[in-house]
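S.K.: Structure in C-alpha cells, see below.
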Amino acid sequence: LHVELDGDVERFTAKVGVDDETQGRGSIRFLIYAGGEKRFDSGVMKGTQNAKPVDVELRGVRKLVLLVASGGDGIDFDHANWADAVFQIAGEAPRAVGAPVEEKVVLTPPPGPEPSINGPKVYGCRPGHPFIYRIPATGDRPMTFAAENLASSLELDAATGIISGEAPRERGEYAVTFSARNDRGRAERPFRIVVGDTLALTPPMGWNSWYIHYQRVTDQHMRAAADAMVASGMADFGYAYVNIDDCWMVKPVSADPMHGGEPRDADGAVRPNKKFPDMGALADYIHTHGLKAGLYISPGPLTCAGYVGSYEHEETDARKFAEWGFDFLKYDWCSYGRIAKDRSREELMKPYRQMGDILKRLDRDIILNLCQYGMGNVWEWGGEVGGHCWRTTGDLGLEGGQLSLGIFKVGLFNATLHEHARPGRWNDPDYILIGHVGDARTGGVGRPTTLTPNEQYTHMSMWCLMAAPLIFSGDMERLDDFTLNILCNAEVIEVDQDPLGRQARIIRRTEEELVLAKPMEDGSLAVGLFNLSEVEREVGVAWKDLDVEGPRIVRDLWRQKDLGRFAETYSSRIARHGVVLLRLRE
Ligand code: GLA
C-alpha cells in the first residue's frame, strides 16, 4: 500500500501478524519503507506467533510504503493483518495512492545503418556433420557477406550470410574472418570454428514455444517464430534455435482429434500429432532461414503434459529426430520418476547418459538440454552424461509473488552454481520470460509480462552474467520495441557469449543487494550491480572486492556508454529491482 503524507504526520502505529483464522499456517513478512528507507521489518511471521507492535516516526516523510510479502513459501494462507493501525496527524490525512508505474525506458541504442557483426566468436561442431550458421549482423540491407579462410566443405551465401555444408572432417581449430559490407560501410570479425567433440562452446540462444503456446503449439506457430526471428532482427544478434517444447506428439488420452492418432510409426519411432503434418519439412523451413530447429521429449513413457515419451524407444526416436533434421533436444524427466528405481545419482543419470550416448553416435550435431529441475545436483554430472546445459531449478514461470520474484528465486540460486559452467556445459535457469507470455499455471494465452521494466533489465543482465542459455519464450509475433531492447543489446549479449565461458561469481549478496562479476576473455570484467530491495538505493562495488587493482574505465553496457575512469570504486543509484550492468577495462 503506497501512502502519500504531507510531512506533518507524526507516527504510524499498528500490530501486525498472521490471522488466527489460518490456524497456524501461513508465513508473512511486514515491511515499512518511509521516504525510501526501510523503517520496519517484522521478519518472517508464522500463524502461531503473537502480533508484533509497529511504531514508526514519520515527521518530514512524504512517501510511505506498507508492504506485505510472502515468507518465501508461496502465498497460501498468507492472511495478513495490520491491526489497530493509526496515523497520528497534525495536518492533512494520509492518502493511499497507486504504486508508481515505471516508465518503459529503452536504453539500448538502436543499431546503426553500417554493418556490425554480432554473435559468438567461437563455434563448436563435430567432424563431417551437417553445418548451418547464419552470420548475425545488423545494418542496412542489402548486405554482402564474405568469410575468409572458410573450409572448402562449407559454403557461404553472400547475400544472406548463411553458411551451410559439412563441417571439416579433420579435427582442429579453423580461424575464419567474417566480413559484411553495405553502402554505409564494412565490418570485419574473427570467428573460430572448433571441430571436435564439444558443442555449445557458447550458451545456446533462441526461442522456445512453451510459455506462449503450451499445448496449443502448431507447425504454423513454429514457422511464424522462425520468420519473426529474422524479421524482428533477433537473428542479427545471434538468436538461432527455434524450439518446440512439449505437446507436438500424440496425447494418448486426449479427446481432441488434433492431439490424437497413432503414437508411433511402423518402425516404432514417435509420431507427431495432427498439428505437425511434417516434422522434416518444418525443420527444413527453419534451416532455410539459417536457423536451427529444436524439440522436446521425455525419457519416461509420457511427457509432463501427458504426451508420448521416448521410454524404450530412445534410439529409434533420436534417429528420427536427426533424420528430420533437428539440432536441439530438451529431455524432460517428467514420468521417468515412475521408471527410476530410486533417486540415487546413478538412477538420475541413467536416462540422460543413455540419450547422451545415442546422440554422440548420430551423424548430426544435437544439443542435449537436461530438464530435471536440478535433482541430484545435476550441475555436477550433467556434462559427464553428454548434456550441454541443464535446468537447475523448477519452472521459472511457476515461481512468483512479491519479494519472491521468480527471477530472483531462480536466478539467485543459479548464481551459486558458477563453478560448474564452462564451454559446452551451462547452467540453465529457464527461459527469458518477457514480452507477451502466458501464465504457466493455467497454460493461459499471452499477456504483457508482469515484470516491471527494471525487473526485465535485471532478468536479462543476470542471465547474461550467468552465461545462461538465452532462450526467449514469449510471443514472437508480438514483439514490441521495449522487449526487443531487452533481448537485443549486442554488448549485453556479448557478456553471455564470451568465449572464455565463465559464469559470474557472487561478489556480494545481501537481502538488498547482489553484485556479480564475470571475467571476460579479453581481461575485462562484466559486473552487475543489482538492487533486490523494494525502494531505490545506492549500490556500489570496490575494486578490491573484484580483485582488481588500479583505475578502470567503466562502461554502462545497456546504454553502451563509457562512464569515465574510476580509481577504486563505482556506485550508482539503482531503482527498485533494477540493475546497472558494467564492463571494467584497464
Ligand atoms: C516441465 C518443464 C517445462 C516444460 C513443461 C512441458 O514443466 O520444466 O519447461 O517443458 O514441462 O510440459
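The values are calculated or read from the model by the stated rules, or taken from the named source; none is laboratory data. From a predicted model like this one, the values you see are computed outputs, not experimental measurements. We place every Cβ from the backbone using ideal geometry, glycine too, and count neighbours over all the protein chains shown. These area figures cover heavy atoms from the full protein model, side chains too; ligands, DNA and RNA do not enter into them. Shrake-Rupley method; radii C 1.70, N 1.55, O 1.52, S 1.80 Å.
S.K.: Scan segment 341-360 for residues that are among the polar types (S, T, N, Q) and assigned to a loop (DSSP other than H, G, I, E, B) and report the count.
M.R.: Result for segment 341-360: 1.
S.K.: Here are some conditions: (1) closer than 21 Å to A415 by Cβ; (2) crowded, with 21+ Cβ neighbours inside 10 Å; (3) of a type in the set (S, T, N, Q). T483 meets all but one. Which one does it not meet?
M.R.: Of everything listed in (1) closer than 21 Å to A415 by Cβ; (2) crowded, with 21+ Cβ neighbours inside 10 Å; (3) of a type in the set (S, T, N, Q), T483 misses just condition (1).
S.K.: Another question, if that's okay. From the list G382, G356, pick out the single residue that is open to solvent by less than 10 Å² (accessible area, probe 1.4 Å), more than 30 Å from D41 (Cα to Cα) and away from the ligand (no atom under 16 Å from the Cβ). I'd like the intermediate steps shown before the answer.
M.R.: Numbers: G382 fails: away from the ligand (no atom under 16 Å from the Cβ).
After applying the criteria, what remains is G356.
S.K.: Turning to a different aspect of this structure: Filter segment 297-335 for residues that are of a type in the set (S, T, N, Q) and in contact with a helix residue (DSSP H, G or I) (Cβ under 8 Å, 6 or more places away or on another chain); which is nearest to Y214 (Cα to Cα)?
M.R.: Filtering segment 297-335 down to residues of a type in the set (S, T, N, Q) leaves 298, 303, 310, 316, 335.
Now narrow it down to the ones that are in contact with a helix residue (DSSP H, G or I) (Cβ under 8 Å, 6 or more places away or on another chain): 298, 303, 310.
Numbers: S298: 16, T303: 13, S310: 20 Å.
Looking at the filtered set, the residue picked out is T303.
S.K.: When K275 is evaluated against the numbered criteria (1) of a type in the set (D, E, K, R); (2) open to solvent by 80 Å² or more (accessible area, probe 1.4 Å); (3) part of a loop (DSSP other than H, G, I, E, B); (4) in contact (Cβ under 8 Å) with a residue 40 or more places away in the chain, which criterion, by number, is the only one it fails?
M.R.: (2)
S.K.: Among the residues in segment 178-194, are any open to solvent by 10 Å² or more (accessible area, probe 1.4 Å) and closer than 30 Å to P299 by Cβ?
M.R.: Within segment 178-194, one or more residues are open to solvent by 10 Å² or more (accessible area, probe 1.4 Å) and closer than 30 Å to P299 by Cβ.
S.K.: May I ask you to say which residue of G165, G206 is free of Cβ contacts under 8 Å to residues at least 60 places away in the same chain, touching a strand residue (DSSP E or B) at 6+ places or on another chain (Cβ under 6 Å) and closer than 22 Å to M279 by Cα? Let's see the steps before the verdict.
M.R.: Details: G206 fails: free of Cβ contacts under 8 Å to residues at least 60 places away in the same chain.
G165 is the lone residue from the list that is free of Cβ contacts under 8 Å to residues at least 60 places away in the same chain, touching a strand residue (DSSP E or B) at 6+ places or on another chain (Cβ under 6 Å) and closer than 22 Å to M279 by Cα.
S.K.: Where residues in segment 417-435 are open to solvent by 30 Å² or more (accessible area, probe 1.4 Å) and under 16 Å from the mean Cα position of the chain (by Cα), which of them is nearest to the ligand (Cβ to nearest atom)?
M.R.: At the first step, the residues of segment 417-435 found to be open to solvent by 30 Å² or more (accessible area, probe 1.4 Å) are 418-420, 422-423, 425.
Pick out the ones that are also under 16 Å from the mean Cα position of the chain (by Cα) and you get 418, 425.
On the way: H418: 22, R425: 19 Å.
Restricting to residues being open to solvent by 30 Å² or more (accessible area, probe 1.4 Å) and under 16 Å from the mean Cα position of the chain (by Cα), the top hit is R425.
S.K.: Is it the case that G165 is away from the ligand (no atom under 16 Å from the Cβ) and under 21 Å from P127 (Cα atoms)? It would help to see each step written out before you state the result.
M.R.: Working: away from the ligand (no atom under 16 Å from the Cβ): yes; under 21 Å from P127 (Cα atoms): yes.
So G165 passes the test.
S.K.: Scan segment 210-227 residue by residue and report those that are open to solvent by less than 20 Å² (accessible area, probe 1.4 Å) and within 10 Å of the ligand (Cβ to nearest atom).
M.R.: Y211, Y214, listed by residue number.
S.K.: Assess whether V492 counts as being among the β-branched types (V, I, T), out of contact with any Asp or Glu (no Cβ under 9 Å at 6 or more places or on another chain), under 19 Å from V554 (Cα atoms) and assigned to a strand (DSSP E or B).
M.R.: no
S.K.: Here's another thing I want to ask about it. Being under 22 Å from G112 (Cβ atoms) and not basic (K, R), is that true of even one residue in segment 564-573?
M.R.: no
S.K.: Which condition breaks for L529 when tested against (1) in contact with an Asp or Glu (Cβ under 7 Å, 6 or more places away or on another chain); (2) over 25 Å from G112 (Cβ atoms)?
M.R.: In the conditions (1) in contact with an Asp or Glu (Cβ under 7 Å, 6 or more places away or on another chain); (2) over 25 Å from G112 (Cβ atoms), L529 misses (1) alone.
S.K.: Would you mind stating whether G387 is touching a strand residue (DSSP E or B) at 6+ places or on another chain (Cβ under 6 Å), at pLDDT 95 or above and open to solvent by 10 Å² or more (accessible area, probe 1.4 Å)?
M.R.: no
S.K.: Go through segment 11-24 and count every residue that is of a type in the set (D, E) and surrounded by 14 or more Cβ atoms within 10 Å (Cβ to Cβ).
M.R.: Matching residues across segment 11-24 total 1.
S.K.: Now a separate question. Restricting attention to segment 335-349, and to residues there that are within 22 Å of R425 (Cα to Cα) and crowded, with 17+ Cβ neighbours inside 10 Å, which single residue is nearest to the ligand (Cβ to nearest atom)?
M.R.: So the residue we want is L348.
S.K.: OK, next. If P113 satisfies every condition in (1) open to solvent by 50 Å² or more (accessible area, probe 1.4 Å); (2) not in a strand (DSSP E or B) but one, which is the exception?
M.R.: Tallying (1) open to solvent by 50 Å² or more (accessible area, probe 1.4 Å); (2) not in a strand (DSSP E or B), P113 fails exactly one: (1).
S.K.: Something else now. For segment 298-320, state whether one or more residues are within 16 Å of the ligand (Cβ to nearest atom) and either in a helix (DSSP H, G or I) or under 30 Å from G139 (Cβ atoms) (or both).
M.R.: no
S.K.: Right, here's the next one. Scan segment 254-285 residue by residue and report those that are within 15 Å of the ligand (Cβ to nearest atom) and over 31 Å from the mean Cα position of the chain (by Cα). Reasoning before the result, please.
M.R.: Here is the first cut: in segment 254-285, the residues within 15 Å of the ligand (Cβ to nearest atom) are 254, 259, 273.
If the condition is that a residue be within 15 Å of the ligand (Cβ to nearest atom) and over 31 Å from the mean Cα position of the chain (by Cα), then S254 is the only one that fits.
S.K.: Continuing with this model, one more query. Which of (1) in contact (Cβ under 8 Å) with a residue 40 or more places away in the chain; (2) within 23 Å of R502 (Cα to Cα); (3) in a loop (DSSP other than H, G, I, E, B) does V385 not meet, given it meets every other one?
M.R.: (1)
S.K.: While we're on this one: If V61 meets every condition in (1) open to solvent by 30 Å² or more (accessible area, probe 1.4 Å); (2) in a loop (DSSP other than H, G, I, E, B); (3) closer than 16 Å to I32 by Cα; (4) among the hydrophobic types (A, V, I, L, M, F, W, C) apart from one, which number is that one?
M.R.: So V61 meets the others, but not (1).
S.K.: State all residues of segment 25-50 that are surrounded by 19 or more Cβ atoms within 10 Å (Cβ to Cβ) and part of a loop (DSSP other than H, G, I, E, B); if no residue qualifies, say none.
M.R.: G26, G47
S.K.: Quick one: D236 ticks every box in (1) over 23 Å from D395 (Cα atoms); (2) within 15 Å of the ligand (Cβ to nearest atom); (3) at pLDDT 95 or above; (4) not aliphatic (A, V, I, L, M) except a single one, so which number is it?
M.R.: (2)
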